[in-house]
Amino acid sequence: MPEIGETLREARMRRRIDMAEVESATKIRAKYLRALESEEWELLPGPTFVKTFLRTYAEYLELDARLLVEEYKQRYERPAGMDVTPLNLRRQRRRRRVAPRIGPGLVVALGVIVLLGALYLLGVSGGGDDETEPPVAVETATPTPKKPSAKERRQKRAAARPMRVSIIATGLVYVCMEDSRGRAVVDKETLEAGQRTETFRGRRFKVTFGTAAARIRQNGKDYRVAESRDPVGYQLRSGKRPERIRSGLAGCT
């Protein structure tokens with residue numbers, strides 16, 4: 001019987017069918033179809049796929065698919081009874097037969113040699129108790145302090161300098177502001193739109209607003225007061241943005 005691949009290729013060429021056409025009709029990739037025609041079985045996914053592809057391709061070419069599959073089984077499939085296990089078993093038995101040749105005597109001799117070597121090293125390295133060397137002091141490295149970043153240095157310098165603070169009313173607003181000692185520098189005043197307090201200098205202030213109709217000017221920058229139904233409180237500190245806090249500060253209630 002002609003070769004399987006040759007039979008497939010001749011049938012396709014006889015019918016003048018392009019490989020791309022076969023791929024589209026059978027849904028088998030062209031590289032697998034070429035492998036079937038050249039009998040390069042190792043390029044296919046496995047024996048099960050070989051038989052499936054072979055059957056599909058043969059039926060498409062109107063060949064005897066069953067005959068070609070049987071031919072593949074007889075030529076290339078290993079009989080079910082054959083196995084590589086006996087070979088492995090023979091190798092294992094061979095290794096087991098070789099292992100006893102080492103012999104327990106050799107193992108004992110090696111153990112004696114190792115023991116004598118250890119005793120010799122112990123005698124050479126061992127000395128009188130008076131000859132023991134003092135323990136070596138271990139120096140621990142002192143961790144290098146982390147240098148502050150440029151931003152941290154700027155914030156530190158800004159916090160050390162007094163800030164300039166004033167309040168600008170954008171509508172009718174109640175204002176009370178205390179300095180770091182708790183003294184009221186703006187003592188429960190009601191400002192109208194456009195009014196502005198004097199500029200105060202210091203490192204810390206607390207201010208309460210009755211409404212949000214005001215701006216805080218700190219070091220030349222304006223900060224809007226947050227909208228709230230209740231009085232709004234802020235803490236002002238050098239080098240930092242105004243920080244919202246609970247209202248109802250002492251002396252401003």
### Query
Projected area of region 158-219, taken from the Cα convex hull and averaged over every viewing direction, in nm²?
3.8
### ³J(HN,Hα), Karplus 6.51/-1.76/1.60, whole Hz, each residue of region 159-167, x for Gly, Pro
5, 7, 8, x, 9, 10, 10, 8, 10
### Summary
Along region 187-204, Karplus-curve 3J(HN,Hα) (6.51, -1.76, 1.60; θ = phi - 60°) to the nearest Hz, with x for Gly and Pro, reads 9, 6, 9, 10, 9, 9, 3, x, 6, 9, 6, 5, 8, 9, 10, x, 9, 7
### Message
Can you tell me, using C-alpha contacts under 8 Å and at least 6 residues apart, the relative contact order of region 141-253 as a whole percent?
### Response
27
### Message
Relative to 2.2 N^0.38 Å, what does the C-alpha radius of gyration of region 4-76 come to as a ratio? Two decimals please.
### Response
0.97
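The numbers here are math on the coordinates, done by the rules we state, and not lab data. This is a predicted model, so every value here is computed, not measured.
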